[in-house]
1. Run through the range A:201-305 and list the GluC sites (Glu not before Pro) located in a DSSP loop whose Cβ has at most 14 other Cβ atoms within 10 Å.
2. I need the P(r) histogram for chain A: all alpha carbon pairs, bin width 20 Å from 0 out to the longest distance, whole percents.
3. Anyone know which of A:Val261, A:Val347, A:Val199 comes out most mobile in the 10 Å Cα GNM of chain A?
4. Tilt of helix A:266-286 relative to the longest C-alpha principal axis of chain A, in degrees (0 to 90, nearest 10)?
5. Please list the non-local residues whose amide H lies under 5 Å from the amide H of A:Val160, H modeled 1.01 Å from N, same-chain partners needing a gap of 5 or more.
6. Determine the relative contact order of the range A:182-226: mean sequence separation of Cα pairs under 8 Å and six or more apart, normalised by residue count, in whole percent.
7. Beyond 21 Å, what share of the Cα-Cα pairs of the range A:252-398 remains, rounded to the nearest whole percent?
8. Sort A:Lys156, A:Lys83 from largest to smallest accessible area, using a 1.4 Å probe on the heavy atoms of the protein chains.
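The values are calculated or read from the model by the stated rules, or taken from the named source; none is laboratory data. These numbers come from a predicted model, not from an experiment. Ideal geometry is used to build each Cβ from the backbone, glycine not excepted, and the neighbour counts take in all protein chains shown. Keep in mind that these areas ignore ligands, DNA and RNA; they rest on the heavy atoms of the full protein, side chains included. Shrake-Rupley method; radii C 1.70, N 1.55, O 1.52, S 1.80 Å.
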Amino acid sequence: MPCPLLHVDMDAFYASVMIRDRPELQHVPVVVGGGHRGVVLSANYPARAYGIRSGMSGTEARRLCPGAITVPPDFSVLTPVSKAIMETFRTVTPVVEVTSLDEAFLDVRGAVRLFGPPEAIAERIRAQIRAEHGIACSVGIAASVSVAKLASRQAKPDGVRVIPPERFVAEVHPLDVGVLYGVGEATRRRLAKLGLVTVGDVATFSRDQLRQMLGRHLGGHLHALVWGQDRTELVPGGAGVFGFGEGEPEGSMGAQHTLAVDVRDRAALRRELLRLTARVVARVRGASRRGRTVTVTVRFTDFTTVQRSRTLPEPTDVTQEVYAAAVPLLDGLLDERGPRPVAVRLVGVRVEGLRHLRPGDGRQLVLGERDPGWSDADRAVDRATDRFGHAAVRRASLL
DNA sequence: TCTGGGGTCCTAGGACCC
DNA sequence: TCTGGGGTCCTAGGACCC
């Protein structure tokens, strides 16, 4: 079968789900996200008519359409809808790679005998999603992941598009390289400086030439992309999607927060760091993992963003241990900017190098050192938040 | 009131070891 | 003593995705 891969992408997912439950908003501009210092997560088509796009700042969106209705995303609604949609996909094929709340790749090779050719499967899925969940989606069909992805974007809104291998050159080579999955702004600019603007421009160079121009990996990857020859096998479940796919992220978990106003006070920044650390490490424990590398991120008022990391001798799932590593990293970042307190816009913390906790894997105590009991305290906090919610349990230093 | 929050992967230099 | 290479770990930064 020439085109066994489907990329299914919900149309304006966050906005569509919200409007589904409030039909009176269907024909007025609706923006999800983009509150104070936030960016637009999703905009319905009436809002897009004003030029509003996801990713733009809320300020910009309000300037374009002051009358738009703005709502915050409600993940307690969005997540169950998303999971139900993924289950709908799995009634068609077990090979579903989930890449975010609102999109997935499907390998339908095993489904054609039952349901017909990929186009028919696509229409079947679209009808089912519309009937069961009341929202529209678009489907791209191709032989590889990046081409299917490109096709679904061209299919929007509410459509299906097939790009078979024999039509790839004619249909994709004239387009801007930026349409390729994996070519972002930075790579686009780099290519433009070399005089390469379209996919076809890049395709005039051999793999070796591209490697020489752009580096071994990027060059090789780009060469595959411009010939529509990237990955064809899916990873069922899909990794790295928060609380999603078959499970938790593999490599790292983190949390960051843009403060409501820029903050200079170091004690206040440390409190924010502790709040974020407690949240992240609770997730790490909840996933039965431990991490070894702690990374602190700070974004200053001028938007420069810096990170400092430290690798611990042993993996940990103890909030206090992660925090103890994180504080000097935060202090270091602030001190580097000079003796005067600098205004900070964002604070973040991430735990990397996650490993599964083996059952019965006790704490390693260094000889002569007493276990301070933080681990027991963490588990008590976890149990209490499970029962009473986050509002009920807070560290004394956060009160 | 310019510019979120959650991730993954790659690069590159230095340390350290063989 | 000098020269050299490869592998792994750690750190910092950056690109990319939704």
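1. Numbers: sites: A:Glu233, A:Glu246, A:Glu250, A:Glu272; in loops: A:Glu233, A:Glu246, A:Glu250.
Those satisfying the criteria are A:Glu233, A:Glu246, A:Glu250.
2. Final binned percentages: 22, 51, 26, 1.
3. Fluctuation is largest for A:Val261.
4. Taking the Cα atoms of chain A, the angle to A:266-286 is about 60 degrees.
5. HN-HN under 5 Å from A:Val160: A:Val139.
6. 29 percent
7. Details: 4811 of 10731 pairs.
For the range A:252-398, the share of Cα pairs beyond 21 Å comes to 45 percent.
8. Values: A:Lys156 60, A:Lys83 95 Å².
Solvent-accessible surface, decreasing: A:Lys83, A:Lys156.
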